[in-house]
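The values are calculated or read from the model by the stated rules, or taken from the named source; none is laboratory data. Note that the coordinates shown come from a computational prediction; the quantities given were computed from them, not determined experimentally. Neighbour counts run over all protein chains shown; Cβ positions are idealised from the backbone, glycine included.
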Amino acid sequence: MTLLAVERIKLFSTRSPYWCSALALVLGVGLTAIIAASTDDGQLSIGVTQFGSSQLALSVVLVMAALAVTTEYRFSTIRATFLAVPNRTSALVAKTVVVAFIAGVLGEIIAFGSWGVAKLLSPASDLAINTGGEWRHVAGIGLLYGIGAVLAIAVGILVRQTAGAVAILLVWNMLLEGLIGIIPKVGTKIQAWLPFQNANNFLALPAGSDPGEGMAAGIDFKLSQWGSLAYFAGIAVALLVVALIVAKRRDA
């Protein structure tokens, strides 16, 4: 049995991935359904359909990924893993691959589910996915979730405690990077190089193409949108490398 299969079995032997996946679906698709139901038919836009998936549901996926690691440390099952697989790096990389893949698939389900619900509830709205930017805005959610899961696992490995890892991820994603923007003169310049702001830039539709799109407004990004995704991925991988080095050197 391969390491990937072992990690998949271990992950789904706990309740957290089921509950987190269900909550992410409810927040992502449910918020879109509420918005679509309360918006006049014909007034919905592609950007609005992904409000829940790009923010709230992403936060839940980050928590799910962190729990995949911190739960093992909490119940000391990580020790059994490291005894069975002396190469700690291989075991943790396998876990990362499994969780990132599941997060990516979940992201696509939520993104296209949200789009489908919006199209169903607001048939007169122009929700056709025609341009490359619109495809990136919807299909890119899965990429974002997968990369975000890598970053969350890295934080989980470094912190090892559920409460601490979850707090760091939620504050970082939902609060800290946004607050930096209020720093006079340099706030938005700093934001242009923050990971989750670059993730938002990757999803952003061209200025003026969608009245519901404004996630990255006011920030002068130096990278292209695909460059922003690569930058976000680079930070996630770099943090994971640091986490793997730390995990290899300290006691389980």
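Among the conditions (1) of a type in the set (A, V, I, L, M); (2) buried (at least 17 other Cβ atoms within 10 Å of the Cβ); (3) within 25 Å of VAL98 (Cα to Cα), the only one that VAL26 does not satisfy is (2).
Mind listing whichever residues of the stretch 182-220 are of a type in the set (Gly, Ala, Ser) and at pLDDT below 90? Those that are of a type in the set (Gly, Ala, Ser) and at pLDDT below 90: ALA207, GLY208, SER209, GLY212, GLY214, ALA216, ALA217, GLY218. Between ALA167, ALA128, ALA149, the distinction of being over 13 Å from ILE46 (Cα atoms), free of Cβ contacts under 8 Å to residues at least 40 places away in the same chain and not hydroxyl-bearing (Ser, Thr, Tyr) belongs to ALA167 only. The stretch 47-131 holds helices (runs of 4 or more DSSP H) entirely within its bounds, and those carrying 2 or more residues that are among the small types (Gly, Ala, Ser) and buried (at least 22 other Cβ atoms within 10 Å of the Cβ) map to 51-54, 56-74, 88-121.
Going through the stretch 173-205 one residue at a time, which ones are in a helix (DSSP H, G or I) and surrounded by fewer than 18 Cβ atoms within 10 Å (Cβ to Cβ)? Residues satisfying the conditions are MET174, LEU175, LEU176, GLY178, LEU179, ILE180, GLY187, THR188, LYS189, ILE190.
If you filter the stretch 216-249 down to residues that are of a type in the set (A, V, I, L, M) and part of a loop (DSSP other than H, G, I, E, B), you find that the one that is farthest from GLY181 (Cα to Cα) is LEU223. Among the residues making up the stretch 3-40, those that are touching a Ser or Thr at 6+ places or on another chain (Cβ under 7 Å) and in a helix (DSSP H, G or I) are LEU3, SER16, GLY28, VAL29, THR32, ALA36.
Checked against the criterion of being of a type outside the set (Val, Ile, Thr) and within 21 Å of GLN197 (Cβ to Cβ), the candidates ALA128, ALA124, ALA139 yield just one match: ALA139. Just a yes or no: is a residue in the stretch 117-124 farther than 21 Å from LEU203 by Cα, among the polar types (S, T, N, Q), touching a Lys or Arg at 6+ places or on another chain (Cβ under 7 Å) and touching a residue at least 60 places away in the same chain (Cβ under 8 Å)? Scanning the stretch 117-124 turns up no residue that is farther than 21 Å from LEU203 by Cα, among the polar types (S, T, N, Q), touching a Lys or Arg at 6+ places or on another chain (Cβ under 7 Å) and touching a residue at least 60 places away in the same chain (Cβ under 8 Å). When the stretch 170-198 is filtered for residues that are over 16 Å from GLY218 (Cα atoms) and of a type in the set (S, T, N, Q), only ASN173 remains.
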